[in-house]
Structures are given as C-alpha cells and as structure tokens.
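Step one of this worksheet: look at the structure below.
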Amino acid sequence: MKCGTNPPRISAMVGMIALALLIGWADPQATGQARSSVPGHDIALQNQLVSIHYHRRSGTMDIAWRDGHKLLGITSSARLEDGRLLSTAAYAAHDPDTSKDMLNSALAAGAAGAHEYTIRSTAPGLPALFQHIWLYDGKPWIAVEVELSPEAGAIGTRHFDAVVLKGASAVQIGNGESLRVLHVPFDNDMWFRYNSLAVGDMKVGQTFTSNEVTAIYDNASRQALILGAITHDTWKTAIEAHAANGHLTDLDIYGGIASPTGVRTDTHDTVAHGLVRGPQVVSPRIFIGSFADWRDGLEAYGAANAALHPPLRWGAGAPMGWNSWAAYGEKMNHHRYLDSAAFVRDTLVPLGFGRNKVVYINLDAFWSNLDAVQLADAVANIKAMRAPEGTRFEPGIYWTPFVYWSDDLDAYVEGTGMKYRYRDIVLKASDGSLLPKVDGGLAIDPSHPGAKARTTYFSNEFQRLGFEYLKLDFLSHGALEGVHYDPAIQTGIEAYNAGMKQIIDETGNRMFLSLSIAPLFPSGYGHARRLSCDTKGRMSGGDQTTEYMLNSLTYGWWTDQNLYIPDPDHVVLGEKADQGARSVTEGRSRLLSAIISGGMILDSSRLADDPQGRDLARSVYDNRNLLAVASEGIAFRPVEGDTGDRAAALFSRRSSHGVYVALFNYDGSSRTIAIRLDRIDRVFANAPSVSVTDVASGKTLQSTHDTLSMELLPSESKLIELRQD
C-alpha cells in the first residue's frame, strides 16, 4: 500500500465483525467463520484452530491455538514524527468498527475464506488507531496490520510497531525449555549468515534481531511460532527480542528498521528510515502462526507471501549453464567466452549437462572487456551453437541498475541524451550530501528520471543484442534510505519496488532475471535469487564455501517457488579458478549442494584453457542420475534446525518412491553421521526395514531400520534414497 495515492479507507474492510453486529454469528466450528462476544464485553474471535481474546479495557490481545501455544498481551503502537507515542494500551476505548460501507468488503473476504476484523482504539485528545485482524478458515495463522487515522497520518511515522509483546510469559510454546529464535538477514550481501540462536544463550540486555520474519521454535519437538511481514511495499520490517533466564521477555515487530552506522549492518543504511505520512499510513501486515513443525510453518509463511506477491515463472525451469565470474573475473575476453561454450557443447552436454535442451552461457562483470564488435559477434556465435542432440545455447549478461562504480560524477548518464550527469541521479542525504559508498559503489536513486532513462537504455540494448539471461547485482543499493527525486517515494523499499517494477515491465518476461545481491523482500521481481553471497568451490573454511551457502539453504529453503528459484551460485572446479574445488570429491559435494537447492546449476570453471578444471568438470558432471534429481527442481529442507550460524549436515525431501536424503561432511577428517529414521521422515516411524540406494551410482546399500548410519570421507557428500521394504 502506497501512502497518499489511494482514498483513505480508515479501517478498510471490517469483515465479519460488521456482519456479527448486523446479522449475528454462525457456529465457528461448523463454518470456520469467527464469532464475537456481545457488544460491550471483550471481543472474542476464532476459527477451528486459533482464537483471539481482545481485552477492551487494556487494549491488549491474546492469541491461543488449539495446540496449546499462546501469545499474550499483544499491543500495537506508532511513534509519530512529533514525538508522541500512540499505543493501544494507552487508549480508553476499543470497539469493533461497524462502518456500514464496509459490509460488501466483508462479504467478499468471507467468500474467499479470509475474514477481516477491525478494532478502533480511541481516547479524548488522541488520534484514533485501527488494528486490522485477518482469520482464515481452517488455518492456524492470522494476520495483523495497524493503521493511523488521517489526523495522525498527516504527521507520519518512521517506526510503526505492529506487534509488541512484553513479559516472561508472553510467548508460550510447549514447555519452552529449549526455544530458539531465527535470525534472517535483510539481504545476501557481505556473507551474512542465518542464525538459529538458543534463547538460553541470550544474555540479559542483549537484543536479538531478525529481518522480515523469524521462527521461535523447539528443535527437538519442532513446535513453533512463525511471525513475519507479508506486505513489503513500504517498510523494512524488523523483529527485535530480549530474553532473561532462558525465557523471551520482549518481542517487537515493527516497520522502520534502519542502521545507525552503516558498517556491516543488515540494511547498510546510514540515515534514518523514511518518514511515512499521508491519508493512509499502515504498518507491515504481520503473519502469526502456530505449527507442529517449524519447517512447515516457514513454508506456510512463504506461501502466504506468494499469495499476495506471486513469484515470476520461467517456463524452461531452473537454468543450467556457465558463468564467467569465478573462472576469469576481470580477465574475461572474447575467445575465453566462446571456447568455454564450445567445451560445454562438445564435452559436457553429451554427459547430460543442460536442461530442457537449453544451456546458458553468461558474461558476468567485465563483459565490457569486449568491444561492441566482439560483443555482437560473441552473442551471434552462442545463439548459433547447437549440440548434436539439439540442445541450443543462449547468451547471458550482467548489470547493476542501482549502482555507480566511478568517482566521475560529471559523466553523462547513458540513455539521457546528455541531459543528466551521474551527480544528478545518485542518492543523497537530506542535506544534499552523497551517501557513503556500499561495496565500493554509490547508490542510484531509482525514482530519478535520469535513472529511469538509464534502465530503459540498458534493458533495450540487452534485448536488441539478443541476451536471454540477465544477472542483476548489488540491488540492495536501490533500497537504501535517502531523499528521492519522486516526492511520492518516501522510503527505500518504495524506491526499490518502483525500480524493480520498471525492469520487469521493460523485460516483459523475455529475459530470465537472476537477482544476485538483493533484499530477500520484496519478491516477485526476479525468476531466481541467490541464496547467499558469492560461493565458489571449496567445501568449508569460511565465506564463499559450500558450507556457507548451505547455511542459507538450511534456514532459507522455504523461499523455493514461493519467492524465487533458489540460486546456489557457481560451481567452481579447479585451483586456477577463484577458490575452485581441488578434488573430484570436493567438486561433487559442491554440485550436490546446488542440486538440493532446487537444481539451478551454473558452472564457473576455467573450461577454455585449464586442464585441471576441464578434467574435474568431466568427472563431476558425468552423472545423469544426479542431474535427473536436479531437473525435478525441488529444494530439500533441513532435517535439523539447531546448527546456529552453520549449515545442517542432512537435508531431505520426498521422492517418487520414498525419501531423498543428502548428507554432507564439512570436516577435514572422516565422519560418521547417524540419525533416527523417523527424524528424517515420520513415514519411517514404524517401518520394520528400509532399503537404502546410493543415487549417484544406483547401487543398493545395506538396508536399515530405526537408525541411518553412514560414514563420509573428508569433504564428501552423498545423496541416498530411502524406501520402505
């Protein structure tokens, strides 16, 4: 929802509360519709799985689920720009909004299985505050969104608390003795990691943070609460939590996160979050759900986002191909590009490399090493390539739409007919000064007409040349806070939405859009997004490793299909390439990590001129069984979620005959991994015998029951399939 562009709705759709007071309530157990107590008393809402008790004297809300999980004492608030704090707890009256003009909206919402309710909080001398609540028939989750009255909206806010909880008993999950909270990074820059932090390890006074979403769960039982934003049009949403004596004591989910320093912080901001004001100012809409398995909960959260922001679809599925970055970097040239493509055509495609008879050959940064004639010739040669069995080849290219990499601010902006210089389009602070560089580049304001013309110019040029794949990098620059040219753009996320929408409109689903460094949300602007920052070919030992990337899969697999095709970055083979795999074992583990991430595979080995890289490629990709699993295009999910900021060792998903299990040894020595079969999948809980097949070789291994035990060599991985005998 964009502030100031739509007529004020005040409380928008009231949903079934309006119906209740007008025509009475149906039995919630029979219909799944909600009910309320009689006017003047506390408000009670419920469906089959969750109930809400709104305390009209205190302005607090309790949520209780049939599984026994509870959130108690929820309030909502906003800090206005004039310094006033509006909190539901400070208001005298809290009433269902019964505006008659909302009846039709309520009927429409009810017909779709979603019912919206609005509580209006008022007090003498204070502007009204509205809490919108959604219940969904037969679902264990609700949604909450808060709205300022037009009076308060005219003043505006930079910090809008949609859900606030306080007290040691406010969050109740099972016995609550081994709870964890999940940190989700804002973007995938600077090798940030996901982190599942034990509440018992949180120190008094320590602030735990996450971006957009968190899971609060017990790994042993897997019981969980999932809380996160499902609207991403205006705010950067933050989750902050505190704990004491092993219990969460405070939880705040709010729109308005901004970095105070800009040094290795999640959003990279150095100025305050934009002021949001106008006749319609609403908080992020927050998903709140209870689940028997935290993994199911995060997948449901992802699906809820997809329902509001559908992902882009690409008919050819997750791409396979080659990319120049880790292989040649700044030393890329015309013959290395074409010779690498020829090796893929002549050697790898006969081994099964490629998907749906398409292989992408992508230029990354430093494609400018090719002059205009060489670039056109390279594209023509790639598009003319055909493998004997019919596989065609498509060229790809790289661009950074929201970053300027030079210090020459007087340079003219491409596509503007010398109307604008770069000093005109870079993003600035309120005093007119340039924002500090991030990753060595200056942010461009996506709303500036010069920046828009630049996007049009490059989009048209790439398509005119015949590129079908476009890697978009350093996109987080477009979401930085600052003063935007368009006065209707008040926040960095609004600017990012506008800039990405232009790219989508101008490429028209004619190019595969792969987002590299980019915010996790908003989604819907790329077919794929990298799970993590740069990843190469080594198994472990820090950043850019298989283990680092699999940390992002461990806690971010749920983005698959809901938000994007997960991009595990490049499979890099050979020691002459940047941090390439040094052995077949290490290379196969890197390939398997890509396979279980959803099957997008881009090699970045020195295939044009490195004998070791070529030999490793022949060995690593010569396995049609593994490539067939990749082509199914389904990400695996972690078996365990207690790994902190490290990757899980086991991942699984259902197969057509049983269950696939991927096992990884990140150590430099051999390791035996043992785990109960019912921990992998409940289908094996009472199985007397389970057969085990090594997928890569097709060989049948020794059957097992109760426990799976497997020894892995240093840096080794295996993909097996389990079936009930």
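The values are calculated or read from the model by the stated rules, or taken from the named source; none is laboratory data. Everything numeric in this text was worked out from a predicted model, so none of it was measured. Virtual Cβ from ideal backbone geometry, glycine too; neighbours counted across all protein chains shown. Areas reflect the complete protein model, heavy atoms only, side chains present, ligands, DNA and RNA absent. Shrake-Rupley method; radii C 1.70, N 1.55, O 1.52, S 1.80 Å.
For n ≥ 4 DSSP H runs only, could you compute -39500 (n - 2.57) per run for the chain, divide by its residues and tell me the 222 nm figure to the nearest 500? Let's see the in-between values first.
On the way: 16 runs with 152 residues, N = 725.
Dividing the helical sum by the residues of the chain leaves -6000 deg cm²/dmol.
Can you compute log10 of I(q)/I(0) for the chain with the Debye formula, treating each Cα as one identical point scatterer, at q = 0.07, 0.08 Å⁻¹?
Calculated log10 I(q)/I(0) at the listed q: -0.51, -0.67.
Once you have the Cα-Cα distance between Arg464 and Ala429, take 0.36 nm times their residue separation minus that, and quote the gain in nm to one decimal.
Details: separation 35, 0.36 × 35 = 12.60 nm, distance 3.64 nm.
Fully extending the segment from Arg464 to Ala429 adds 9.0 nm.
Select from the stretch 656-701 those trypsin sites (Lys or Arg not before Pro) which occupy a DSSP coil region and have at most 15 other Cβ atoms within 10 Å, ordered by residue number. Walk me through the intermediate numbers first.
Working: sites: Arg671, Arg676, Arg679, Arg682, Lys699; in loops: Lys699.
The qualifying sites are Lys699.
With each pseudo-label sitting 7 Å past Cα toward Cβ, what's the Asp725-Asn356 distance in nm, one decimal?
Those two pseudo-labels are separated by 4.1 nm.
Quick one: with all protein chains in place, what share of the accessible area of the stretch 338-472 is carbon or sulfur, to the nearest percent (1.4 Å probe)? Kindly include the intermediate steps, with their values, before the conclusion.
Numbers: 2820 of 5450 Å².
Roughly 52 percent of what the probe reaches on the stretch 338-472 is carbon or sulfur.
Below 20 Å, Cα to Cα, which lysines can Lys419 reach? Residues fewer than 8 away in the same chain don't count.
Excluding near neighbours in sequence, the set is Lys428, Lys452.
Quote to one decimal, in nm, the extra length available between Val683 and Asp371 on full extension: 0.36 nm per residue of separation minus the C-alpha distance between them. Walk me through the numbers on the way to the answer.
Details: separation 312, 0.36 × 312 = 112.32 nm, distance 5.85 nm.
Result: 106.5 nm gained on full extension.
Which peptide among 229-235, 123-129 comes first, and what is the full order, when sorted by highest mean count of other Cβ atoms within 10 Å? Spell out each step's value before the answer.
Details: 229-235: 24.4, 123-129: 15.3.
Result, highest mean first: 229-235, 123-129.
For a quick check of your reading of the filter: which trypsin sites (Lys or Arg not before Pro) in the stretch 188-233 sit in a DSSP loop and have no more than 16 other Cβ atoms within 10 Å? Intermediate values should be presented prior to the final figure.
Details: sites: Arg193, Lys203, Arg222; in loops: Arg193, Lys203, Arg222.
The qualifying sites are Lys203.
Quick check for you: with a 1.4 Å probe and neighbouring chains kept, what is the accessible area per residue of the chain, in Å²?
Working: 25740 Å² over 725 residues.
Per-residue value: 36 Å².
In terms of Cα to Cα distance under 19 Å, which lysines are near enough to Lys139, apart from those fewer than 8 places away along the same chain?
In chain and number order, the partners are Lys70.
Ignoring ligands, DNA and RNA, what percent of the accessible area of the stretch 673-718 is carbon or sulfur (1.4 Å)? List each step's numbers first, then the result.
On the way: 1150 of 2450 Å².
Roughly 47 percent, rounded to a whole number.
At Asp645 and His705, where each label point lies 7 Å from the Cα along Cα→Cβ, what is the point-to-point distance in nanometres?
With each label point 7 Å from Cα toward Cβ, the separation is 4.5 nm.
With r as the distance between the Cβ atoms of Asn175 and Met418 and R0 = 60 Å, compute the FRET efficiency 1/(1 + (r/R0)^6) and round to 0.05.
Plugging the Cβ-Cβ distance into 1/(1 + (r/R0)^6) gives 0.30.
Restricting to the stretch 397-499, compute how many DSSP beta bridges are antiparallel as a %, nearest 5.
Bridges in the stretch 397-499 that DSSP calls antiparallel: roughly 70 percent.
DSSP loop (so not H, G, I, E, B), at most 16 other Cβ within 10 Å: list which trypsin sites (Lys or Arg not before Pro) in the stretch 229-298 pass both filters.
Details: sites: Lys236, Arg264, Arg277, Arg285, Arg295; in loops: Lys236, Arg264, Arg277, Arg285.
Of the trypsin sites (Lys or Arg not before Pro), the ones in loops of the stretch 229-298 whose Cβ has at most 16 other Cβ atoms within 10 Å are Arg264.
With bins 10 Å wide starting at 0, give me the P(r) of the stretch 129-171 over every alpha carbon pair, in whole percents.
Taking all Cα pairs of the stretch 129-171, the binned fractions are 21, 39, 31, 9 percent.
Where does each of 465-473, 607-615, 595-603, 502-510 land if you order them by average Cβ count within 10 Å, highest first? Mind showing how you got there, number by number?
Working: 465-473: 21.8, 607-615: 18.6, 595-603: 27.1, 502-510: 15.1.
Peptide ranking by packing, descending: 595-603, 465-473, 607-615, 502-510.
Suppose R0 equals 41 Å. What FRET efficiency, 1/(1 + (r/R0)^6) with r the Cβ-Cβ distance, do Glu330 and Val584 give to the nearest 0.05?
Here the calculated transfer efficiency is 0.90.
Of all accessible surface on the stretch 499-589 at a 1.4 Å probe, what whole percent is carbon and sulfur? List each step's numbers first, then the result.
Details: 810 of 2040 Å².
Ligands and nucleic acids excluded, carbon and sulfur reach 40 percent.
Please list, or write none, the lysines whose alpha carbon is within less than 29 Å of the alpha carbon of Lys576, excluding same-chain residues fewer than 8 places away.
Result set, ordered by chain and number: Lys331, Lys383, Lys471, Lys536, Lys718.
What full-extension length gain, to one decimal in nm, is calculated for Ala244 and Gln48 as 0.36 nm per residue of separation minus the Cα-Cα distance? Don't jump to the answer; show the numbers that get you there.
Working: separation 196, 0.36 × 196 = 70.56 nm, distance 3.37 nm.
Contour length minus the Cα-Cα distance gives 67.2 nm.
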